[in-house]
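A quick write-up on the structure given underneath.
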Amino acid sequence: MSTHEYDAVVVGGGVSGIIACLKLNSRGFKTALISRGDPACCLSTGCIDVFSRTDSPLDGIRGLPPEHPYSLVGRKGVADALSYFLTVMDEAGLPYEGSPRKNRRILTPIGNQKTTCLVPKTMADADVPGSEHLQVISFKGLKDFYPSYITSRFRNSAFSVYDAGVATTLGIAALFDRAAFVDSFIDWLKRLEIPHDRVAIPAVLGMNDPAGVLEKVSRAIGKKVFEIPTLPPSIPGLRLFRALKRVLQNRGAHLYWGKGVASVESQGKRIEAVTLATTGRSARVQGRAFILATGSFVSGGLFASRDCVRETVFGLPVFVPGERKDWFNTDFFSDGHAIERSGIRVDRTFRPEDCRFENLFVCGSILAGCEIMRNQCGHGLAVATGTAAAGRCAEELS
Amino acid sequence: MTTFEHCVRCTLCVENCPVFKVNPAFPGPKQSGPDAQRFRMDGERSVDDWVKLCCQCKRCQVSCPYGVNVAEIILKAQLKYSREHMSPFSAHLFANTYHLGQLGSLVSPLTNAVASSGVSKKIMGILGISTGVPLPEYRFFSLARGRRRRGRFRAPRKVVFFHGCYLGFNRPDIGRGIRDLLAGLGCRVIIPRQTCCGLPALGNGDITMAGKFARKNARMLVNYIDRGYIVVYACTSCGLTLTHDYPEILQVPEGKKIAENTYNVHELILDLIEEGAVQVDFGEVDRHVAYHVPCHLRALGIGYPAAGIFEKIPGLKVTILDDNCCGLAGSYGFKKKNQKTSESLGAIAASAVRAVDADSLVSDCGACRMQLGHYAGLPALDPSEVIIASLLQSVSKKKRDRRRKAQ
């Protein structure tokens with residue numbers, strides 16, 4: 001069995017895990033990241049929701065209960081983490097915009113508006129005032145994107161359909177990475193002679209340099225242009241994940257992808273190593289400290305059976321609110337569900353409560369009390385708690 | 001092991017599928033794998049001819065957070081389809097790359113001349129073989145014809161080198177480099193008589209021939225393992241076949257034992273360094289390389305060991321690129337019907353390589369090097385070539401220093 005030694009080992013390759021790993025790596029620690037598969041962030045809009053129930057996320061956080069992970073990070077911590085995220089994305093060549101002091105709204109494929117905080121540059125102009133005229137562009141055969149959903153909600157709007165020859169978001173995005181295709185698309189747009197103020201295009205403007213493509217299109221037709229995030233397969237989500245991963249691995253962190261943790265080795269109060277379920281022979285990944293960022297139920301960090309909820313890697317105690325019968329709620333979105341509060345409870349140092357391990361830290365949506373659906377705080381919480389847990393972990397290491 | 005029933009239809013596999021991205025005829029891994037699997041029955045003849053469009057890069061399987069064996073489901077459907085239908089001539093030809101290699105290297109000047117001539121390109125076109133990327137050249141002085149033992153007999157680490165067909169017949173120079181590199185790091189290296197790992201046969205729907213190759217290799221390898229040797233591979237596709245397909249798909253009885261005793265060559269070198277078994281003095285290499293990670297190295301789940309060694313080489317700048325399949329996928333891209341897919345994917349991966357402004361590209365996989373060397377127009381190196389260059393640099397620097405001291 002091969003053994004690989006690190007200062008810090010992060011388990012979970014989503015936004016919180018990658019941010020935690022990046023933060024530790026930038027402080028000079030030798031880091032590894034283990035992930036069983038790609039994260040749910042690839043399916044998301046790519047926008048960073050921080051707290052969507054109030055106009056200003058930072059003000060809204062103030063009203064959260066003391067056990068909410070945001071309260072543990074603190075408002076300054078959240079703001080610093082988000083500005084760190086913005087610098088990382090600039091480095092990655094996928095610039096983001098926004099401030100945690102003010103939420104913004106973006107257009108969705110069903111024509112309503114979603115409240116979010118930081119957005120990729122390609123969605124910077126997606127907050128369309130009702131007074132403006134909107135032109136929606138779609139692609140022939142594109143699945144789950146019906147421009148009339150949008151135009152029916154805007155008084156002054158119209159749509160046109162471009163035939164790209166392929167009908168999937170991934171296929172069209174691959175075409176937009178070619179300069180020749182972008183040029184022919186622009187020619188077509190020019191011929192349309194759009195009278196409207198803004199132009200909305202589904203988020204397929206390439207994998208490599210969407211902001212560059214957007215700028216080229218926008219300059220050519222002299223209008224504000226923006227992307228509308230689509231249903232999965234979602235290109236902006238995939239771009240976000242790949243950009244974060246690219247920065248991480250090119251800064252020298254080691255990634256173990258596709259195989260999960262098979263077993264955990266501990267001695268007394270410390271976790272010594274985890275064993276990877278590689279093909280054939282297993283490998284030992286040894287660390288001085290560990291960060292758990294495996295996500296909640298959807299990502300497999302938590303697993304619910306009939307009689308209990310388990311944490312799947314270290315077997316940590318899981319907080320579950322009340323009885324099973326209390327979890328039901330007929331309204332899916334507005335109030336959230338009690339089960340959303342379940343997860344791992346941590347103290348101010350992001351170490352799990354009622355747990356013997358001293359060198360383990362937890363971040364991301366596996367934390368108890370996040371209520372991501374209710375607060376709409378998914379990626380923001382991931383960024384904030386990932387940064388905070390990495391900070392505490394760095395203190396432990398030095 | 002999770003099966004198609006554990007799929008939650010999240011589409012992460014689809015986001016990772018190279019073929020789905022460029023070929024609208026392929027419905028993607030979710031539909032060809034878990035979705036269609038519910039309708040596939042043993043007694044019924046396969047109608048899903050599009051499963052053959054999958055290039056078996058295994059990216060779907062690596063991305064699946066639920067551990068569903070997507071690529072394996074598709075591979076089994078491909079094998080079932082091939083069993084029930086006549087395979088085209090090109091499939092039979094590519095299933096036999098090993099025999100082609102034996103013949104090709106024996107009469108290598110003739111083979112290379114014929115393969116690159118205009119007339120034979122036309123004939124190949126008729127036979128369904130694409131000539132978009134030049135076919136690899138054969139070398140007469142194949143790896144099997146060179147020195148087959150290296151290193152002290154009593155060396156602490158005994159290694160049997162499974163080089164596979166590409167290093168064996170087409171690039172024996174790289175194979176000999178790895179042999180000498182391992183011997184230099186204190187290993188006893190043996191290059192045994194070996195056949196093809198069986199992957200080309202599997203990929204072309206010939207499970208019987210794959211099984212024959214596998215059993216022959218397994219007997220030979222287990223013989224060495226029982227005598228205290230470990231198996232080392234450099235070609236990541238051979239490695240994946242040995243460690244995954246032998247026990248799982250081909251059901252070779254010795255498969256598990258082989259899987260437990262098989263190492264990637266760079267994994268072994270890293271182990272030797274980290275255990276302190278050898279002191280390695282890496283010399284400066286002033287280069288910027290784009291490291292295109294082969295899909296099958298990702299599928300092995302062992303991380304990127306060559307990148308771990310590159311970190312230790314002073315002066316070497318490495319940009320890791322692991323989001324693209326090169327599109328050649330063994331013999332996949334050499335088939336006429338896949339030519340367009342392969343070209344599009346090659347162009348995408350090559351543009352990622354060119355975007356990082358490197359002076360050369362590095363990849364563990366011979367097929368990736370062939371394809372991307374062609375499309376990116378950069379020298380394509382095996383990681384071992386970079387490592388050897390660094391070690392030679394340090395040796396010559398030491399010599400220079402000694403000479404200077406003597407003066």
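Each reported figure results from applying straightforward, stated rules to the coordinates on display, with no laboratory input. These numbers were taken from a predicted model, which means no experiment stands behind them. Don't worry about glycine lacking a Cβ; one is built from the backbone with ideal geometry, like all the others, and counts go over all protein chains shown.
Given a cut-off of under 8 Å on Cα pairs at least six residues apart, what relative contact order in percent is computed for the range B:230-276?
Relative contact order, the range B:230-276: 46 percent.
Measure nothing but the geometry: give the 0 to 90° angle between the long axis through the Cα atoms of A:75-92 and the longest principal axis through the Cα atoms of chain A, rounded to 10°.
Taking the Cα atoms of chain A, the angle to A:75-92 is about 60 degrees.
Using a 10 Å cut-off around each Cβ of peptide A:246-256, what is the average number of partner chain Cβ atoms that fall inside?
Partner-chain Cβ atoms within 10 Å, mean over residues of A:246-256: 4.
For every other residue with a beta carbon closer than 15 angstrom to the beta carbon of B:A214, add +1 if it is Lys or Arg and -1 if Asp or Glu, then tell me the sum.
So the environment of B:A214 carries a net charge of +2.
I need the fraction of alpha carbon pairs in the range B:1-78 separated by more than 16 Å, rounded to a whole percent.
Value for the range B:1-78 (Cα pairs over 16 Å): 41 percent.
When you count, for each residue, the other Cβ atoms within 10 Å and take the mean per peptide, how do A:43-49, A:262-268 rank with the highest first?
A:43-49, A:262-268
Classify the range A:109-228 as rounded, prolate or oblate from the Cα gyration tensor: take a ≥ b ≥ c as the square roots of its eigenvalues, call it rounded if a/c is under 1.5, otherwise prolate when a/b beats b/c and oblate if not.
Rounded, since a/c falls under 1.5.
Distance between the C-alpha centers of the range B:62-95 and the range A:355-398? Whole Å please.
Rounded to whole Å, the Cα centres lie 42 Å apart.
Placing +1 at every Lys and Arg Cβ and -1 at every Asp and Glu Cβ, with all other atoms neutral, what dipole size does the protein assembly as shown have around its Cα centre, in debye to the nearest 20?
Its charge dipole is roughly 2720 debye.
Of all DSSP beta bridges located in chain A, what percent are antiparallel, nearest 5?
40
Classify the range B:280-391 as rounded, prolate or oblate from the Cα gyration tensor: take a ≥ b ≥ c as the square roots of its eigenvalues, call it rounded if a/c is under 1.5, otherwise prolate when a/b beats b/c and oblate if not.
Prolate, because a/c is 1.5 or more and a/b exceeds b/c.
Would you look at the GNM of chain A, springs on alpha carbons closer than 10 Å, and say which of A:T230, A:T108, A:T278 moves the most?
A:T278
Rounded to the nearest 5, what is the percent of antiparallel bridges among the DSSP beta bridges in the protein assembly as shown?
30
What list of ³J(HN,Hα) couplings, whole Hz, do you get for the range B:383-399 from phi and the Karplus terms 6.51, -1.76, 1.60, once you set θ to phi - 60° and write x for glycine and proline?
Whole-Hz 3J(HN,Hα) from phi for the range B:383-399: x, 5, 5, 5, 5, 5, 4, 5, 5, 5, 4, 5, 5, 5, 5, 4, 4.
Take the alpha carbon gyration tensor of chain A, find the square roots of its eigenvalues, order them as a ≥ b ≥ c, and report rounded if a/c is under 1.5; if not, report prolate when a/b exceeds b/c, else oblate.
The shape class here is prolate.
Go ahead and set up a Gaussian network model of chain A, Cα springs under 10 Å, then flag whichever of A:I34, A:I106, A:I221 fluctuates most.
Comparing A:I34, A:I106, A:I221 in a Gaussian network model of chain A, the most mobile one is A:I221.
Under a cut-off of 22 Å between alpha-carbon atoms, report the lysines in cross-link reach of A:K224, not counting same-chain residues fewer than 8 places apart.
A:K102, A:K114, A:K121, A:K190, A:K216
Straight-line reach only, C-alpha to C-alpha below 16 angstrom: list the aspartates and glutamates that B:K398 could link to, leaving out same-chain residues fewer than 8 apart.
B:D281, B:E284
So what's the gap between the Cα centers of the range A:290-334 and the range B:134-149, to the nearest angstrom?
Distance between centres, Cα-based: 57 Å.
Averaged over A:36-45, how many beta carbons belonging to a partner chain fall within 10 Å of each residue's beta carbon?
Going residue by residue through A:36-45 and averaging, the value is 5.
Please tell me which of these pairs span more than 18 angstrom C-alpha to C-alpha: B:K76/B:K216; A:K259/B:K158; B:K122/B:K336?
With Cα atoms farther than 18 Å apart: B:K76/B:K216; A:K259/B:K158.
Within a 10 angstrom radius of each residue's Cβ in A:167-176, how many Cβ atoms of other chains show up on average? Whole number is fine.
Counting Cβ atoms of other protein chains within 10 Å of each residue's Cβ and averaging gives 4.
Using Cα springs under 10 Å in a Gaussian network model of chain B, which residue among B:V47, B:V386, B:V265 shows the largest mean-square fluctuation?
B:V47
Roughly what would the spin-label model give for B:T2 and B:D42, points 7 Å off Cα along C-beta, in nm?
For B:T2 paired with B:D42, the spin-label model returns 2.6 nm.
Using modelled backbone amide H atoms (1.01 Å from N, in-plane), which distant-in-sequence or interchain residues come within less than 5 Å of A:F361's amide H?
A:F290, A:I291, A:L292
Check the straight Cα-Cα distances from B:K337 and name the aspartates and glutamates below 14 Å, setting aside those fewer than 8 residues away within the same chain.
Qualifying aspartates and glutamates at Cα under 14 Å: B:D49.
Packing-wise, with mean Cβ within 10 Å as the measure, how do B:278-285, A:287-294 rank, highest first?
A:287-294, B:278-285
With axes computed from alpha carbons, what is the tilt in degrees of helix B:339-355 against the longest principal axis of chain B, rounded to the nearest 10 within 0 to 90?
40
Measure nothing but the geometry: give the 0 to 90° angle between the long axis through the Cα atoms of B:366-376 and the longest principal axis through the Cα atoms of chain B, rounded to 10°.
Taking the Cα atoms of chain B, the angle to B:366-376 is about 90 degrees.
With just the Cα atoms defining each centre, how far is the range A:201-217 from the range B:225-282? Give it in Å.
43
Please sort A:339-347, B:220-228, B:315-323 by packing, taking for each peptide the average over its residues of neighbouring beta carbons within 10 angstrom, highest first.
Those peptides, ordered most packed to least, come out A:339-347, B:315-323, B:220-228.
Using the crude model of +1 on Lys and Arg Cβ and -1 on Asp and Glu Cβ, and no other charge, please compute the dipole size for chain A relative to its Cα centre, in debye to 20.
The dipole magnitude comes to about 300 debye.
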